[in-house]
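> Got a structure for you, written out below as structure tokens; questions coming shortly.
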Amino acid sequence: MSAGRPGYVRPLDLKRGVVDLTHGSGGRAMAQLIDELFARRLGNAYLRQGNDAALLPMPPGRLVMSTDGHVVSPLFFPGGDIGCLAVNGTINDVAVLGATPLYLAAGFILEEGFPLADLARIVDSMAGAANAAGVPVVTGDTKVVERGAGDGVYITTTGVGVVADGDDFSGDRARPGDRIIVSGTIGEHGMAIMAQRESIGFAAQIVSDTAALHGLIAAMRASGAAIRALRDPTRGGVATTLNEIARQSGVGMMLQESALPVQPEVAAACEFLGLDPLYVANEGKLLAIVAAADADALLAAMRAHPLGQRAALIGSVHADPHHFVQMTTALGGRRIVDWLAGEQLPRIC
């Protein structure tokens with residue numbers, strides 16, 4: 001505090017300043033960081049309550065809650081950054097259960113020495129994503145660890161939504177005869193991260209697909225199609241997600257390799273790196289299991305939405321006591337599409 005100007009506190013230096021341990025101490029410096037950086041960018045009526053928890057109105061229905069930790073490296077990548085990723089990823093985890101996302105909470109682990117300019121950029125991105133989705137960040141927490149004990153920024157987000165009684169899109173509802181639809185091209189997010197991390201240049205830049213999907217899901221529900229299950233294929237990609245659903249539902253699945261939508265640059269990057277796009281993470285795509293009679297109607301509804309323009313029917317569900325996911329290859333053979341083994345692409349979300 002300046003002796004010449006009683007009550008004056010020097011503003012945060014958001015151009016050259018860095019995070020220090022006092023920003024997590026619970027004192028004046030922490031209050032200033034919250035007021036001048038977080039609250040100013042994420043501010044809303046609930047956050048302005050200023051309490052350790054937010055008092056929130058709740059519409060009728062059943063609560064849906066999800067939490068997710070984000071440790072992506074690098075923090076900034078083509079198409080997004082850890083901030084919008086933290087918002088969109090948690091919104092999607094709530095939305096694929098058929099819920100309307102309502103509120104977000106965010107916890108930050110900051111490393112001493114992290115530039116405040118980068119932190120402001122991340123929080124601006126979070127605010128933009130939350131505002132675009134109509135899902136406010138209503139409460140949060142900040143901790144600071146010593147230099148070398150973290151990796152810049154880790155963010156944990158928790159989402160709360162509400163789903164009407166009777167709505168259920170859980171993974172145990174797939175039935176033999178159902179069809180499998182993916183909302184668009186696969187593998188962009190994981191390959192965008194890998195290309196940025198390893199400084200690999202391709203003729204066409206690969207951009208992350210990170211996006212909030214609840215608007216697309218609302219359009220899908222409005223079609224009247226009998227949707228059995230929804231899931232966003234993030235870590236482990238389409239292959240692992242379908243194996244999860246097959247196990248939950250006690251069924252088998254058959255994919256068609258020729259039907260899989262993959263951008264040429266993603267396919268080329270995967271071939272170069274020896275990866276299979278079926279196992280590469282997505283952050284703005286969903287998988288839908290739908291009754292066969294409604295597959296065409298659902299596809300039409302998805303393709304009419306900006307986030308579903310390249311939706312594709314990629315396979316079907318059948319009875320199988322072993323719960324295998326298989327694929328008919330472009331050459332007419334068959335192969336097992338197994339669970340992801342090991343860590344194909346670490347730190348991608």
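> Which numbered condition in (1) among the hydroxyl-bearing types (Ser, Thr, Tyr); (2) in a loop (DSSP other than H, G, I, E, B); (3) under 19 Å from the mean Cα position of the chain (by Cα) is the only one that SER199 fails?
Just one mismatch for SER199, condition (3).
> Hey, PHE169 hits all of (1) in a strand (DSSP E or B); (2) open to solvent by less than 30 Å² (accessible area, probe 1.4 Å) but one; which does it fall short on?
Tallying (1) in a strand (DSSP E or B); (2) open to solvent by less than 30 Å² (accessible area, probe 1.4 Å), PHE169 fails exactly one: (1).
> Hey, another quick one. What single numbered condition from (1) in a loop (DSSP other than H, G, I, E, B); (2) within 19 Å of the chain's Cα centre (by Cα) fails to hold for LEU242?
Among (1) in a loop (DSSP other than H, G, I, E, B); (2) within 19 Å of the chain's Cα centre (by Cα), the lone unmet condition for LEU242 is (1).
> Here is a follow-up. Conditions first: (1) modelled with pLDDT of 95 or more; (2) outside any helix (DSSP H, G or I); (3) surrounded by fewer than 21 Cβ atoms within 10 Å (Cβ to Cβ). PRO59 passes all but one, so which condition is the exception?
(1)
> Being of a type in the set (A, V, I, L, M, F, W, C) and surrounded by fewer than 16 Cβ atoms within 10 Å (Cβ to Cβ) is the filter; apply it to the range 298-349 and report the residue that is farthest from the chain's Cα centre (by Cα).
LEU331
> Do any residues in the range 25-47 that are over 17 Å from ILE109 (Cα atoms) and open to solvent by 40 Å² or more (accessible area, probe 1.4 Å) have Cβ atoms under 8 Å from those of residues that are among the aliphatic types (A, V, I, L, M) and assigned to a helix (DSSP H, G or I), where the two are at least six apart or on different chains, and which pairs are they?
What qualifies is ARG41/ALA120; ARG41/VAL123; ARG41/MET126; ARG41/ALA127; LEU47/ALA39.
> Return the residue satisfying two criteria in turn: it lies in the range 148-166 and is aliphatic (A, V, I, L, M) and assigned to a loop (DSSP other than H, G, I, E, B), and of such residues it is surrounded by the most Cβ atoms within 10 Å (Cβ to Cβ).
ALA164
> Do any residues in the range 72-101 that are more than 16 Å from ILE155 (Cα to Cα) and of a type in the set (Lys, Arg) have Cβ atoms under 7 Å from those of residues that are open to solvent by less than 10 Å² (accessible area, probe 1.4 Å) and assigned to a helix (DSSP H, G or I), where the two are at least six apart or on different chains, and which pairs are they?
Note: no pairs meet the criteria.
> Out of all the residues in the range 62-95, which are of a type in the set (Phe, Trp, Tyr) and either more than 15 Å from the chain's Cα centre (by Cα) or open to solvent by 30 Å² or more (accessible area, probe 1.4 Å) (or both)?
Correct list: PHE76 only.
> For a quick check of your reading of the model, give me the residue pairs whose first member lies in the range 227-244 and is closer than 19 Å to GLY177 by Cβ, whose second is among the charged types (D, E, K, R) and surrounded by fewer than 23 Cβ atoms within 10 Å (Cβ to Cβ), with beta-carbon atoms closer than 6 Å and at least 6 apart or on different chains.
Taking only residues 6 or more apart or on different chains, the pairs are ARG228/ARG173; ALA229/ARG173.
> A follow-up question, please. Being of a type in the set (S, T, N, Q) and buried (at least 16 other Cβ atoms within 10 Å of the Cβ), is that true of even one residue in the range 126-137?
no
> Just name the residue that is nearest to the chain's Cα centre (by Cα) out of those in the range 11-24 that are hydrophobic (A, V, I, L, M, F, W, C) and open to solvent by less than 50 Å² (accessible area, probe 1.4 Å).
Per the stated criteria, the residue is VAL19.
> Keeping to the range 246-281, report how many residues are part of a helix (DSSP H, G or I) and either buried (at least 17 other Cβ atoms within 10 Å of the Cβ) or not acidic (Asp, Glu) (or both).
19
> How do the pairs read when you match residues in the range 186-212 that are open to solvent by 60 Å² or more (accessible area, probe 1.4 Å) with residues anywhere that are acidic (Asp, Glu) and assigned to a helix (DSSP H, G or I), using Cβ under 6 Å and keeping only pairs 6 or more apart or on different chains?
Partner pairs satisfying both residue conditions: PHE202/GLU265.
> Can you report the number of residues in the range 188-206 which are of a type in the set (A, V, I, L, M) and over 15 Å from PRO277 (Cβ atoms)?
Total meeting the criteria: 3.
> I've got another one for you. Checking PRO74 against (1) in contact with a strand residue (DSSP E or B) (Cβ under 8 Å, 6 or more places away or on another chain); (2) part of a loop (DSSP other than H, G, I, E, B), which test does it fail?
(1)
> Report the residue count in the range 213-245 for those that are open to solvent by 20 Å² or more (accessible area, probe 1.4 Å) and over 21 Å from GLU343 (Cα atoms).
10
The values are calculated or read from the model by the stated rules, or taken from the named source; none is laboratory data. Just so it is clear, the structure is predicted and the values come from calculations on it, not from any experiment. Positions of Cβ are generated from backbone atoms using ideal geometry, with glycine treated the same way; all protein chains shown enter the neighbour counts. Just so you know, the surface numbers come from the protein's heavy atoms only, side chains and all, with ligands and any DNA or RNA stripped out. Shrake-Rupley method; radii C 1.70, N 1.55, O 1.52, S 1.80 Å.
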